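Asks: I'd like to ask some things about the structure below.
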Amino acid sequence: MRLKWLEPEDSTVHKSTLTLLSDDPAMQVAVAAMLRRHPQSFDLSCLAPCDALSALRDAATDLVLIDADAAVDVVVSVAVAALVQPAPVVVVGVALGRDEALDAACLVHGATAVLAKASGPGAPNLAGAEGDALISRLTLLVRPANAVAS
Amino acid sequence: MTTDAEALRVIAAEAADHVTAGEAILIAAVHATPERAEVDRLFRAFHSLKGLARAAAAEQFEALLHDAETWLADLRSGRREFDAQAGESLLQLLDLIRDACASGAFTDAAAPPALSARLRALLDAPMTNADTHSASLAIDVLGIEVETSAAFAELLAEILPELAAAVASGVEIEDDVAVLHHAAKRLGLLGFASRLVRLRGAAEGERAGLFEAVLRSAASFGFLTGATTGRLEAQRRPGSEPAQPPQLPQETPETRELRSLFAQLKINEMFVGELGGNALAFELAADNGLVIVEAVVPLPDPDELVRLVSTQRVLAGRGVGGARRDHLALLLVAPAKRLLEDLASEIGADHCQKLDGQTPPRHFAKPTEHVPTGAAQDALVRVPVEVLDRLFGRIGSFFSVGARLGVLATESGANEALRRLSDFAVTRAPEIMPEIEALLRDRRDFLNVEAEVGRLISLIHESTLGLRVIPFDNVVARFPRMVREMARQLGKSVHFELVSGPIKIDKGMADTLIDPITHIVRNALDHGVETPAERGALGKPASARVTLRAEQLGNRLVVTIEDDGRGIAIDKVAAKALTQRLVSEADIARMTQAQIARLIFTPGFSTRDQASELSGRGVGMDVALFNVTRLGGTIHIDNRPGLGAAFRLDMPLSAAIRPLLLVDTGTQTIGLPEAIVAEALIVPGSSVQSVNGQPSLLLRERYLPIFDLCDLLALPRHKLDNGEDISVVVCRWNGQRAALRVHRILRRLEMLIRETHPRITSLPGIGGVSTLGADRIVLVLDPDKLFGLASQSASRGLRSVGHALKAADGAQ
């Protein structure tokens, strides 16, 4: 499947903003590397979880990506983000996908999706194939109308 | 929650980092109101500590830290101003946490009621920068005033059940949704508001699903604020079903195999992530020709990470490196045949280890067992220093025995005697050959045993060396607080700067060194530093600067305490020394200013007429000198009247096990620290020629100054065999090179350098002693002293020995 909005010649495409809630430098680098490989997908903005409330209230973002491994209380972070931000809230973490209670709590409190990291808390493979898969899912959440199969 | 001992140790170590970060900001805040960025860092430090307290189930700390964090949040938002009282309370909380971490009681420590009350009082105090109305209102976790939150919750409780009924029956919902949307938007709950907008515009068939999203938002609001929102009542109505969690992936034979592999390699599966989504993991499970390597690299930038992932097969990664997390630990999959060194070099790894199931990975380890919190402390054993001292004494003796065994193995004439005996018996007495062969076998066995003992000694060395050494940072961590307290008592303003690298010193040395540093710092504050008014009159900044700097120079520790105060008043010192009859007027007349300044080290000396609480009793500086001298060190004073004074404490890092190259001068065994040995060689005597009057060694077509070690150390000189081969050790130190002529080069040996008596360290060129057996002393050279002696000894024909040595070095 090819996504129409990923075509570089499509002048109607404008970049969205992805706000990452993580104070883990390794995760920040991994997400930045992922976006380097998909330069037309998102601009990156990073927030420390402890700054999340005030910063998210003011942030003009198209997607909030919460790093469950960096959050002090991931469920609180999800609940706050989902209440103050109209943008979809996606949670990624190593325990997600294997901790049923945590997955359910995140979804109940407003997460649009919970996704497992497949290469550890620092998720270095986001700079490769793991990142390609994640980008596809995130862009579908942000611009489903543009994701037209050709 | 992981409560094993290792996890608690990690939490304590992380907490210590945050405590240090917070403490530095709070102490600096004494002099200047913290900037916004510093307040942010302070807030994050307390926030992280709260998270760690929660992770460690340290409920009392969590409560205290929550209060502190709330106060700091007000400070951040500008509703409060920083003041000394608040800073003091926060520092006391950090002290408490530091002590709890150090004693291993982080989880169970009790919060002193007085501190809890002080923190509560801080929160209860009226906000300085808020208007009267807002100051009286508390803010909840969503940043909304509590009263407003409660009103919104009431609105939800009233409308949601009606809305649920309307959605279920398909009647008009516009008005109810519009009311909630307006309220949510006013409160800044734009996520909540957006869900209401979608509900309002939805077709009838989609409403139930969208209403469910609204109910979830209401549930989150109640969860965060503690308010009742009517969400449960609404959910009981038809058409609103709770969200279902996704199905967890099923266990497959491959994931089972991977779990088994990770368990075997002691890898914590939780650090790898979802096994089902990790294609490489499956490849690993299927291919026995692959191994897992743990590597640690400096945190790459995004482009570097893309390159790394495209060239290496990365299984997992995580940020490591303490609070800064400035490194990336990786689990890599590599062919079993791949050389570890090549891999480390290719990716620039600081650490690289093939996981073999024996040694657990450093950063992806699987906890060995799950132990309850109370029992976790049993895994840590606190050992009195005296017990360690006795252990080290015995290890030292064992080293000496090992060293003597080594000398017997390499230096005895037994090998040569046996060889000659064997040669003789072959032709003259073949009947005793079986006995000689038995002796030769015994000799070989002895040499094997000696080699094994040497290997064991190296292992013991590795595992015991770290037992008694502590970071120098721990030794001096107390001084910022001490200086702050003293300055306050004295009515002075002092900016204290602490500069120390990653130096580790022996615990006994640390204990001896604390008093000298304390006395000198106290003296600097009490006598050296002027009051702000005095400094103002002198045109100096009101705040004085006191610096404590520690450096490791080779095998020496140099601690400098410097201030920009008034310096030592030489006239006053001389007058007081005369009054106290410590010296005569004739003595004073003969003495240089530097010598007079050193009178402050005389027992009983003080320039103060009355002793203060802090200094001036005439005890202290003599103790400082005594202790530093006992460590084999010296104190140098650099006095700049009117501008300040600097005390330089220079001492050997004693009681350490160091690798040495042993050489024989013919009369004495000498140990050369391996760090200064560039090469050891035997050259023809004709290689030594005179260059401008300086004996020089022609080595690889270059001349290198050569010195006889006996001459440098003023030892009896061995008999010279001119014209024959000579033994030479080429030494390199601080960019200088020189050759040392010795009688014999013996061997490399790891030896325990004993705590050195001042008389030994006053010998030319010597920094310490060790022993080979009970009767053989080894003098260990001090590189600085050795090269100093070489400089003095160089011939006058050279303009400057330093230049000559450096020139020779450059030529090499």
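The values are calculated or read from the model by the stated rules, or taken from the named source; none is laboratory data. Nothing here was measured: the structure is a model prediction, and the numbers come from that model. Here the Cβ is made from the backbone with ideal geometry for all residues, glycine too, and neighbour counts use every protein chain on show.
Asks: For the stretch A:75-95, give me each residue that is closer than 18 Å to A:R137 by Cβ, surrounded by fewer than 24 Cβ atoms within 10 Å (Cβ to Cβ) and either of a type in the set (A, V, I, L, M, F, W, C) or at the interface with chain B (Cβ under 7 Å from one of its Cβ atoms) (or both).
Replies: Result: A:V90, single match.
Asks: So how many residues does the stretch B:407-463 have that are outside any helix (DSSP H, G or I) and under 22 Å from B:I745 (Cα atoms)?
Replies: Final tally of qualifying residues: 2.
Asks: Residue pairs, Cβ under 8 Å, 6 or more apart or interchain, first in the stretch B:295-322 and more than 9 Å from chain A (Cβ to nearest Cβ), second of a type in the set (K, R). List them.
Replies: That search, which allows pairs on different chains as well, returns B:V296/B:R362.
Asks: Considering each residue of the stretch B:504-543, count those that are surrounded by fewer than 22 Cβ atoms within 10 Å (Cβ to Cβ) and outside any helix (DSSP H, G or I), and give that number.
Replies: 10
Asks: Another question, if that's okay. With the condition kept exactly as written, say whether any residue in the stretch B:54-75 is touching a residue at least 24 places away in the same chain (Cβ under 8 Å), under 30 Å from B:A544 (Cα atoms) and within 14 Å of chain A (Cβ to nearest Cβ).
Replies: Among the residues of the stretch B:54-75, at least one is touching a residue at least 24 places away in the same chain (Cβ under 8 Å), under 30 Å from B:A544 (Cα atoms) and within 14 Å of chain A (Cβ to nearest Cβ), which makes the answer yes.
Asks: Still on this model: If a residue must be part of a helix (DSSP H, G or I) and of a type in the set (D, E), how many such residues does the stretch B:673-703 contain?
Replies: 1
Asks: Among the residues of the stretch B:108-122, is any closer than 23 Å to B:N474 by Cα, away from chain A (no Cβ under 14 Å) and in contact (Cβ under 8 Å) with a residue 24 or more places away in the chain?
Replies: Yes - at least one qualifying residue is present in the stretch B:108-122.
Asks: Got at least one residue in the stretch B:550-566 being within 23 Å of B:M651 (Cα to Cα), assigned to a loop (DSSP other than H, G, I, E, B) and out of contact with any Leu (no Cβ under 6 Å at 6 or more places or on another chain)?
Replies: Taking every residue of the stretch B:550-566 in turn, at least one turns out to be within 23 Å of B:M651 (Cα to Cα), assigned to a loop (DSSP other than H, G, I, E, B) and out of contact with any Leu (no Cβ under 6 Å at 6 or more places or on another chain).
Asks: Check the stretch B:382-389 and report whether any residue there is closer than 30 Å to B:N448 by Cα, modelled with pLDDT of 75 or more, in a helix (DSSP H, G or I) and among the aliphatic types (A, V, I, L, M).
Replies: Checking the stretch B:382-389: not a single residue is closer than 30 Å to B:N448 by Cα, modelled with pLDDT of 75 or more, in a helix (DSSP H, G or I) and among the aliphatic types (A, V, I, L, M).
Asks: Another one. For residues that are among the hydroxyl-bearing types (S, T, Y) and surrounded by fewer than 19 Cβ atoms within 10 Å (Cβ to Cβ), scanning just the stretch A:17-45, find the one that is modelled with the lowest pLDDT.
Replies: A:S45
Asks: Let me ask something else about it. Condition first: at the interface with another protein chain (Cβ under 7 Å from one of its Cβ atoms), crowded, with 22+ Cβ neighbours inside 10 Å and either among the aliphatic types (A, V, I, L, M) or out of contact with any Phe, Trp or Tyr (no Cβ under 7 Å at 6 or more places or on another chain) (or both). Now tell me which residues in the stretch A:96-110 satisfy that. Break it down into steps so the answer makes sense when it comes.
Replies: If we filter the stretch A:96-110 for residues that are at the interface with another protein chain (Cβ under 7 Å from one of its Cβ atoms), which is where we start, we get A:97-98, A:100, A:103-104, A:107-110.
Remaining after also requiring crowded, with 22+ Cβ neighbours inside 10 Å: A:97, A:103, A:109-110.
A:G97, A:D103, A:G110 - these are the residues of the stretch A:96-110 that are at the interface with another protein chain (Cβ under 7 Å from one of its Cβ atoms), crowded, with 22+ Cβ neighbours inside 10 Å and either among the aliphatic types (A, V, I, L, M) or out of contact with any Phe, Trp or Tyr (no Cβ under 7 Å at 6 or more places or on another chain) (or both).
Asks: For the stretch A:47-74, what are the residues that are closer than 26 Å to B:H66 by Cα, surrounded by fewer than 20 Cβ atoms within 10 Å (Cβ to Cβ) and either at pLDDT 80 or above or small (G, A, S) (or both)?
Replies: A:A48, A:S54, A:A55, A:R57, A:A59
Asks: Shifting gears a bit: Report yes if some residue within the stretch B:317-326 is modelled with pLDDT of 80 or more, buried (at least 17 other Cβ atoms within 10 Å of the Cβ) and touching a Ser or Thr at 6+ places or on another chain (Cβ under 7 Å); otherwise report no.
Replies: Yes, because at least one residue in the stretch B:317-326 is modelled with pLDDT of 80 or more, buried (at least 17 other Cβ atoms within 10 Å of the Cβ) and touching a Ser or Thr at 6+ places or on another chain (Cβ under 7 Å).
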